[in-house]
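Notes for the one structure printed next.
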Amino acid sequence: MTTIREFYQEKYPESDDYRLISKTATFEKLTDDVIEDGLYDYLGTADETIMTRVFQQLAEIRGVEYAKIYEKYRNGFRMANGVKYRIDWNCDGHIRMLDTKTLDTYHKLKYDFSAEMHDCFFAFNNQQFKEGIERFNLQDKKIYSTGMGLYGTKEGIDDFYEQYKEPEKKIKEQCDPQEVYFYEYNNHESMISWDGDLEAIRIIISYWGVDVAKKIVRRSAFKSIDEIIKEK
């Protein structure tokens, strides 16, 4: 009996991804129940390219359309505040989302934004400090420090931080808090963290407040929202 791993290696010899696939998984045992409720654990991977190619082959073996197999996969996703998700126990409980609507926007707003610097600069040694002073002609100005390598006039530092309020405002307006929570849950490895989802839910509180945070479908929630707020 040919395994899925052997099929993949033969069908796609240019790819080393077959190494990600379980050595024991077979198409014969890749039943609808497995696809809906245990796919990642059975295949040994949640790689989308691998799953697509495996589904295509399975559809060919069964003599059905690819869409029918894919629909079984979709059926395995739960709903949390309108967000489709399933738990990947093969990856320590990582959350896999389907058909996300706002994560691309969240990434761009959180990671691509860069504030312009006016009368402030970052310096981590004397030479950088000197260069920053000269660059913005701050020789005769009172210089403040935030304690994180940021120096400048009070107005320059205030302006720097003020600029970050705009992407934060857009995140609140344009992004889905449940999607952001699941993303940050994975990002902070909350499934294996000693304090559970604390970092992820704190991010939700910071953007949307307590009322929204209390509606989030959480995992590894070691502390209630009220307990987190009391600690502040």
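No lab work stands behind these numbers, since they all come straight from the coordinates. Note that the structure is a prediction, hence the values are computed from the model and not measured. Positions of Cβ are backbone-derived with ideal geometry, glycine not excepted, and every protein chain shown enters the neighbour counts.
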Where labels lie 7 Å past Cα in the beta-carbon direction, separation of Y111 and Y70 in nm
2.5
With 31 Å as the cut-off, how large is the P(r) tail for the chain, expressed as percent of Cα-Cα pairs?
46
Over 10 Å intervals from 0, what percent of Cα-Cα pairs in segment 114-163 sits in each interval?
29, 62, 9
Segment D140-F77, length gained on full extension (0.36 nm per residue, minus Cα span):
16.5 nm
Using every pair of alpha-carbon atoms in segment 4-76, split the distances into 10 Å bins beginning at 0 and state the percent of pairs per bin, rounded to integers.
21, 59, 20, 0
Full-extension gain in nm, S224 to S22, via 0.36 nm per residue minus C-alpha separation:
68.9 nm
Can you report the principal axis dimensions of segment 42-152 using only the alpha carbons, biggest first, rounded to whole angstrom?
79, 29, 25
Which of the lysines could a cross-linker bridge to K130, judged by Cα under 25 Å and excluding same-chain residues fewer than eight apart?
K141, K142, K154
Using amide H atoms built 1.01 Å from N in the peptide plane, name the residues 5+ places from T26, or on other chains, whose amide H lies under 5 Å from its own.
I4
Report the full-extension gain for the segment Q9 to N125: residue separation times 0.36 nm, less the Cα-Cα distance, to one decimal in nm.
36.5 nm
What list of ³J(HN,Hα) couplings, whole Hz, do you get for segment 2-7 from phi and the Karplus terms 6.51, -1.76, 1.60, once you set θ to phi - 60° and write x for glycine and proline?
6, 7, 5, 4, 5, 4
Taking Lys and Arg as +1 and Asp and Glu as -1, residues besides N137 with C-beta under 15 Å from its C-beta add up to -1
Ranked from fewest to most other Cβ atoms within 10 Å of their own Cβ, E131, E179 fall in the order E131, E179
With a Förster distance of 25 angstrom and the Cβ-Cβ distance between K170 and D211, calculated FRET efficiency to the nearest 0.05 equals 0.80
Stokes-Einstein D for segment 184-232 at 10 °C, 1.306 mPa s, Kirkwood Rh over Cα pairs, in µm²/s?
149
